[in-house]
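K.L.:
Structure incoming, see below.
The values are calculated or read from the model by the stated rules, or taken from the named source; none is laboratory data. Small disclaimer: the values here were computed from a predicted structure and weren't measured. Virtual Cβ from ideal backbone geometry, glycine too; neighbours counted across all protein chains shown. When the accessible area is computed, the model is the full protein with side chains, heavy atoms only, and any ligands, DNA or RNA have been set aside. Shrake-Rupley method; radii C 1.70, N 1.55, O 1.52, S 1.80 Å.
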Amino acid sequence: MTPVTLLAAGLAAEKKSAEVTDWAARIGWLVGLALFVALVYWLMREGWKWRGTLQGDLPELPSAPDDPGPARLTMSGRYHGSTTAGQWLDRIVAHGLGTRSRVELTLTDAGLDVVRPGATDFFVPRAALREAVLGKGIAGKVLTEGGLLLVTWAHGERLIDSGFRSDRAAEHTEWVDAINSMINKTETEGAR
């Protein structure tokens with residue numbers, strides 16, 4: 001070995017971290033950091049609860065009828081949340097609509113049945129459906145173009161966008177076509 005290599009190897013072997021001598025300061029910093037993280041978490045939770053209070057005028061979610069009829073389409077996937085229609089960052093958290101979860105969607109002639117294990121189920125009556133489109137984002141979730149099924153529906157005085165993603169994204173187009181044809185058929189029947 002050359003002298004330079006020996007010198008470099010000797011320096012690398014001697015390089016060690018300095019020993020901690022001030023344990024009280026280190027523990028103080030760790031406790032302070034843990035308290036800061038807990039404060040931020042608590043503030044986020046309080047903000048979520050406040051948003052729910054502000055949306056307290058939203059009526060209770062409808063439940064599925066006893067006999068909704070035969071299923072036209074079914075889908076399993078993820079529910080990513082609901083927002084005020086057209087405002088993809090204005091999340092609605094009242095009545096559990098802000099809770100992300102797995103979802104089983106069933107489209108029948110009566111409407112859209114949303115079954116969410118571990119969260120509140122709800123039903124969108126056919127007359128409340130307004131539009132279905134392919135989107136790329138909803139509050140807190142951004143995907144590729146067409147990666148999200150967005151269903152716009154009326155509830156009380158509000159229009160709501162709900163975002164769903166199928167386990168098989170190729171199904172989204174079929175859902176958009178089926179929901180929009182149901183809406184058009186309802187409007188045509190109502191115009192008579």
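K.L.:
Pairing the Cα long axis of helix 3-14 with the longest principal axis of the chain, what angle in degrees results, from 0 to 90 and rounded to the nearest 10?
P.N.:
With rounding to tens, the tilt is 70 degrees.
K.L.:
Within 12 Å, Cβ to Cβ, of Gly77, how many net charges do the neighbouring residues add up to if Lys/Arg are +1 and Asp/Glu are -1?
P.N.:
Taking every Cβ under 12 Å from that of Gly77, the sum is +3.
K.L.:
Among Trp48, Leu35, Leu148, pick out the residue whose Cα is farthest towards the positive end of the charge dipole of the chain, where Lys and Arg carry +1 and Asp and Glu carry -1 on C-beta, about the Cα centre.
P.N.:
Leu35
K.L.:
Calculate, in nm to one decimal, what Glu174 and Arg158 gain on full extension: separation in residues at 0.36 nm each, minus their alpha carbon distance.
P.N.:
Computed gain between Glu174 and Arg158 is 3.1 nm.
K.L.:
Of (1) 0.98; (2) 1.29; (3) 1.63, which is the value of Cα Rg over 2.2 N^0.38 Å derived from the coordinates here?
P.N.:
(3)
K.L.:
When the dipole is taken about the Cα centre of the chain, and only Lys, Arg (+1) and Asp, Glu (-1) are charged at their Cβ, what size is it in debye, to the nearest 20?
P.N.:
620
K.L.:
Still on this structure, I have one more. Quick check for you: with a 1.4 Å probe and neighbouring chains kept, what is the accessible area per residue of the chain, in Å²?
P.N.:
62
K.L.:
Counting only protein heavy atoms and a 1.4 Å probe, tell me what percentage of the range 95-138's accessible area is made up of carbon and sulfur.
P.N.:
With neighbouring chains kept in place, the figure for the range 95-138 is 52 percent.
K.L.:
Report the gain in length on full extension from Arg72 to Thr99: 0.36 nm times residue separation, minus Cα-Cα distance, nm rounded to one decimal.
P.N.:
Contour length minus the Cα-Cα distance gives 7.1 nm.
K.L.:
Less than 17 Å from a label point 7 Å out along the Cα-to-Cβ axis of Ser63: which backbone N atoms in the range 108-138 qualify, by residue?
P.N.:
Zone members listed by number: 112-125.
K.L.:
Report, to the nearest whole %, how much of the accessible area of the range 37-84 belongs to carbon and sulfur atoms, 1.4 Å probe, protein only.
P.N.:
Within the range 37-84, the accessible surface is 60 percent carbon and sulfur.
K.L.:
If you don't mind, another one. Hey, what's the Cα Rg ratio for the range 109-192 versus the globular rule of thumb, 2.2 N^0.38 Å?
P.N.:
Against the compact-globule rule of thumb, the ratio is 1.12.
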